[in-house]
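Nothing in this text is a laboratory measurement; each read-out follows from the coordinates by a stated rule. Remember, it's a predicted structure, so these values are computed and weren't measured experimentally. FYI the Cβ positions are ideal-geometry reconstructions off the backbone, even for glycines, and counts take in every protein chain you see.
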Amino acid sequence: MPANPEVLVVGAGILGLSAAHFLAERGLRVTVLERGDPLACTSDKSTECYRVFWPGNEALAALVGRSLDLLQGFAAVARPNRRGYLYVGEEESLLLMAQEAPHAGPLRVHKRALSYPKEAAWGLDLVRPGALGEVFPYLGHLRGRAALHVRPAGWFSAQGLGMGLLEALRQRGGRLIHGEFLELEREGGAAPVRPGPPGRRGGALALFPSGPGSWSRASWAPCGHGPGASRGGRAPLQGLVP
């Protein structure tokens, strides 16, 4: 292992590489430990979906919005699709959803297809029942139904984003090494990490991004606690994300 990293990230999936990149961007010396190939588990098979439309949840909407801001630097490799999400149902229910999501932008109501902004990048477009078949011909058979088109929303390539993050991490001096995490050296009931010379105290922050990959709860047994991070005798850190 490279001598004296400040942060050791275990796992080179999309979560691990994201955490590693943004920590390195803040000037920390970051090493990523991966037992196989990077982005080879669930990150290799996923197409990430996104939306800022979260009725009644301003905090989550703000988090997604901030994430999209960060994504802009990797748009060339992540190739985000911005077609939006379309919700179809009763007009009254869709209107209520829109009113509970002021963070998603202005609400535009359309009685006819002529006013519908097909290329809009932001906001909510409520297509009333009389215009549904005009705007979306394949939904014309749904009598009495309306549609709510929300943007920005869509999907992007997790594999492309991950490779972009890995390249950016290397440009900032971060390293990817191959190996398998077995255990953390234990001391006094805690589980500090000592990546430097034996006997050197005040080791690194060990970060275990918790994604739906091949990890199991048994993987955390050597740490003495559940998923998170450990530094010295401190409690695990939860939610350490960019």
Determine the sum of side-chain charges near Ala98: Lys and Arg each +1, Asp and Glu each -1, restricted to other residues whose C-beta is under 15 angstrom from that of Ala98. -2
What shape does segment 1-54 take by its C-alpha gyration tensor, where a ≥ b ≥ c are the square roots of the eigenvalues and a/c under 1.5 counts as rounded, a/b above b/c as prolate, and the rest as oblate? oblate
Compute for segment 21-178: radius of gyration divided by Kirkwood radius, i.e. Rg/Rh, restricted to C-alpha atoms, rounded to two decimals. 1.11
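Hey, with R₀ at 22 Å, roughly what FRET efficiency would Glu90 and Ala62 work out to, going by the Cβ-Cβ distance, to 0.05?
With a Förster radius of 22 Å, E is 0.15.
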What whole number of Å gives the distance from the Cα centroid of segment 1-64 to the Cα centroid of segment 82-142? 34
Would you mind counting up the charge near Ser157? Only other residues with Cβ under 10 Å from its Cβ, with Lys and Arg at +1 and Asp and Glu at -1. 0
How long is the gain from Lys118 to Glu134 if the chain were fully straight, where each residue apart is worth 0.36 nm and the alpha carbon distance is subtracted? 4.5 nm
For a protection proxy built on the mean count of beta-carbon atoms within 10 angstrom, sort 14-25, 69-80 highest first, please. 14-25, 69-80
Return, for the Cα atoms of segment 112-183, the radius of gyration and Dmax in Å, separated by a comma. 22.4, 63
With contacts defined as alpha carbon pairs under 8 Å and 6 or more residues apart, what's the relative contact order of segment 31-188 in percent? 37
